[in-house]
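J.: I am attaching a structure below and will ask some questions about it afterwards.
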Amino acid sequence: MKYRLLLIGLGFAFYSATNGVAEDLSNDRINENSIALIQAFLNLPESYIGGVSLDDRGDFLSLVSHYGDIDFANGYFRLRGDGARAHDEPASDWFQMKIMHRKKGRPICVIVQSPGAEKPISIISFGTYWRWKDVTEDYLPEEWVGKQSRNFRVAPENEEITIYGNKTIVSGDQEYLRAGPFQAKLIWQDDKFALEHFDDAEFFRDAVRHLPPQYLADVPLEQRDPLWKEIESDPERLDLENGWLHFFSDGSSIKATSMFWVKTLPRSQGPPLVFVHMAKPFAGIQRPANNQTYILEKKGNLRVERNDLLSPETYSLDGHFRPRRDGVIETGAWKKIERNDGQGTAWVPGSRQFDLHWNTRYFYGSRFRKSDAEHEKFTNN
């Protein structure tokens, strides 16, 4: 009983902290989310709640402010790794919960845990008098329910489940299962999940065909299909498996204002980002500037700039960036030289100063890690 009172008190505390308001949510929906999340915490066995026993739920929740993220208004909870390690024998090193609403009946609660857990994904239906039922098999194909078959994620801002393959990470003498390539989404609509498959190669083709010209060296949209036909059998310019393109116009009929690179950056949540760099100073049409390098995110039919993931405090966006097939981005400054033909000056890539390593270890976001590569040469891969 004391844990029920504690949870209800926590619910009101978080509700009050947001003044009872969540964007695009009515007060009735906020209350319904809060009650459903509290009910899940109170009643579900430990196999559903990160291995935490019912007797330990009070102590568990006292860690929330330090290690987890809980949003009663949106019906969302996430336990991070440090919070899981606070328990003596955690069954899962992280887990997430998300409340999703039905047009008919009470909400369901989606719970996802690390792939080594007893229940990597569970879907709970709530009844009256704090009753509940595991309805996972009613909503998901049987092969997705078993241990370590998929890696699942939910997010606070939408009613979706993202699905990944698994990859093994080796650290010392330990092996860990982590999220691999993004495979699909389950989108909650009309009281059921709609499956939306993801194809890495098609995503990359779509980016090359539809990026606005200012992100692809001014290549007109009507020339994108000819561009693709020109490079699709050229391994020096295209690596479809790794989402990598280096376009140079030697002998090409494509009207690009400079050579350019395109590289996908896989994420632990959703489709990849797209990194583009245009070497316009090398083509002699523009001085080094901060409008030649971009990270782009696809939202609907739009491409949104995400250059916030590049740190201007650490390195200048007017530099030269050369992404490799393996995801490492070699970076340095442009260098001004006297032309050999006596026709003035030109810009060329200077020395390679450091590398940016794209890191997707963090299941809620991805980031670059910088390493020194001073005085090394740029590579061509």
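J.: If we keep just the residues of region 157-184 that are among the acidic types (Asp, Glu) and open to solvent by 70 Å² or more (accessible area, probe 1.4 Å), which is modelled with the lowest pLDDT?
T.: Here the residue is Glu175.
Residue-by-condition table, conditions (1) part of a helix (DSSP H, G or I); (2) polar (S, T, N, Q):
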position: Ile161; (1), (2): no, no
position: Ile169; (1), (2): no, no
position: Phe204; (1), (2): yes, no
position: Gln214; (1), (2): yes, yes
position: Ser249; (1), (2): no, yes
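J.: Could you list all residues from region 122-136 that are modelled with pLDDT under 90 and either open to solvent by 60 Å² or more (accessible area, probe 1.4 Å) or part of a helix (DSSP H, G or I) (or both)?
T.: Across region 122-136, the qualifying residues are Thr128, Tyr129, Trp130, Arg131.
J.: Out of the residues in region 35-48 meeting the condition of being outside any loop (DSSP other than H, G, I, E, B) and open to solvent by less than 10 Å² (accessible area, probe 1.4 Å), tell me which one is modelled with the lowest pLDDT. It would help to see each step written out before you state the result.
T.: Taking region 35-48 first, the residues outside any loop (DSSP other than H, G, I, E, B) are 35-43.
Right, trim to open to solvent by less than 10 Å² (accessible area, probe 1.4 Å) and you get 36-37, 40-41.
Working: Ala36: 90, Leu37: 88, Ala40: 88, Phe41: 83.
That would be Phe41.
J.: While we're on this one: For region 265-289, enumerate the residues that are more than 22 Å from Thr345 (Cα to Cα) and among the charged types (D, E, K, R).
T.: Arg267
J.: Okay, moving on. Which of the following residues is in contact with a strand residue (DSSP E or B) (Cβ under 9 Å, 6 or more places away or on another chain), farther than 23 Å from Asn158 by Cβ, at pLDDT below 80 and not acidic (Asp, Glu): Gly51, Gly58, Gly9? Even if it seems obvious, please write down each step before you answer.
T.: Details: Gly58 fails: in contact with a strand residue (DSSP E or B) (Cβ under 9 Å, 6 or more places away or on another chain); Gly9 fails: in contact with a strand residue (DSSP E or B) (Cβ under 9 Å, 6 or more places away or on another chain).
Only one candidate passes the filter, namely Gly51.
J.: Quick check on my filter: what residues within region 326-352 are assigned to a strand (DSSP E or B) and charged (D, E, K, R)?
T.: The answer is Glu330, Lys335, Lys336, Glu338, Arg352.
J.: Shifting gears a bit: Considering only residues of region 254-267 that are open to solvent by 30 Å² or more (accessible area, probe 1.4 Å) and touching a residue at least 40 places away in the same chain (Cβ under 8 Å), which is nearest to Lys335 (Cα to Cα)? Lay out the reasoning, then the answer.
T.: Of region 254-267, the ones open to solvent by 30 Å² or more (accessible area, probe 1.4 Å) are 255, 257, 259, 266-267.
Checking the rest, the ones that are also touching a residue at least 40 places away in the same chain (Cβ under 8 Å) come to 257, 259, 266-267.
Values: Thr257: 20, Met259: 17, Pro266: 31, Arg267: 33 Å.
Per the criteria, the residue is Met259.
J.: While we're on this one: Which one of Val262, Val304 is at pLDDT 85 or above and farther than 23 Å from Ala346 by Cα?
T.: Values: Val304 fails: at pLDDT 85 or above.
Answer to the selection: Val262.
J.: Going by the structure shown, is Phe77 surrounded by 15 or more Cβ atoms within 10 Å (Cβ to Cβ), at pLDDT 65 or above and assigned to a helix (DSSP H, G or I)?
T.: Numbers: surrounded by 15 or more Cβ atoms within 10 Å (Cβ to Cβ): yes; at pLDDT 65 or above: yes; assigned to a helix (DSSP H, G or I): no.
Spelling it out, it is not the case that Phe77 is surrounded by 15 or more Cβ atoms within 10 Å (Cβ to Cβ), at pLDDT 65 or above and assigned to a helix (DSSP H, G or I).
J.: When you go through Gly270, Gly251, Gly284 one by one, which is the residue that is open to solvent by less than 10 Å² (accessible area, probe 1.4 Å) and at pLDDT below 90?
T.: Numbers: Gly251 fails: open to solvent by less than 10 Å² (accessible area, probe 1.4 Å); Gly284 fails: open to solvent by less than 10 Å² (accessible area, probe 1.4 Å).
Sole residue among the options that is open to solvent by less than 10 Å² (accessible area, probe 1.4 Å) and at pLDDT below 90: Gly270.
J.: Sticking with this structure for a sec: Output the residue which, of all residues in region 12-34 that are open to solvent by less than 20 Å² (accessible area, probe 1.4 Å) and not in a helix (DSSP H, G or I), is modelled with the highest pLDDT. So that I can check it myself, show each step before the final result.
T.: In the first step, residues of region 12-34 are kept if they are open to solvent by less than 20 Å² (accessible area, probe 1.4 Å); the result is 20, 22, 30, 33-34.
This time we only want the ones that are not in a helix (DSSP H, G or I), so: 20, 22.
Values: Gly20: 41, Ala22: 48.
Across region 12-34, the extreme among qualifying residues is Ala22.
For (1) in a helix (DSSP H, G or I); (2) farther than 30 Å from Glu160 by Cβ, each residue gets a yes or a no:
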position: Lys229; (1), (2): yes, yes
position: Pro235; (1), (2): no, yes
position: Leu245; (1), (2): no, no
position: Ile254; (1), (2): no, yes
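J.: Which residues, counting only those in region 185-205, are open to solvent by less than 50 Å² (accessible area, probe 1.4 Å), at negative phi and touching a residue at least 12 places away in the same chain (Cβ under 8 Å)? First the steps, then the outcome.
T.: If we filter region 185-205 for residues that are open to solvent by less than 50 Å² (accessible area, probe 1.4 Å), which is where we start, we get 185-188, 191, 193-194, 198, 201, 203-204.
From what is left, the residues that are at negative phi are 185-188, 193-194, 198, 201, 203-204.
Matches in region 185-205: Lys185, Leu186, Ile187, Trp188, Phe193, Phe198, Ala201, Phe203, Phe204.
The values are calculated or read from the model by the stated rules, or taken from the named source; none is laboratory data. The model shown is predicted, which means the values in this text are computed figures rather than measured ones. Neighbour counts are summed over all protein chains in view; Cβ atoms, including those assigned to glycine, are modelled from backbone coordinates with ideal geometry. Quick note on the areas: whole protein, heavy atoms, side chains included, nothing else; ligands and nucleic acids left out. Shrake-Rupley method; radii C 1.70, N 1.55, O 1.52, S 1.80 Å.
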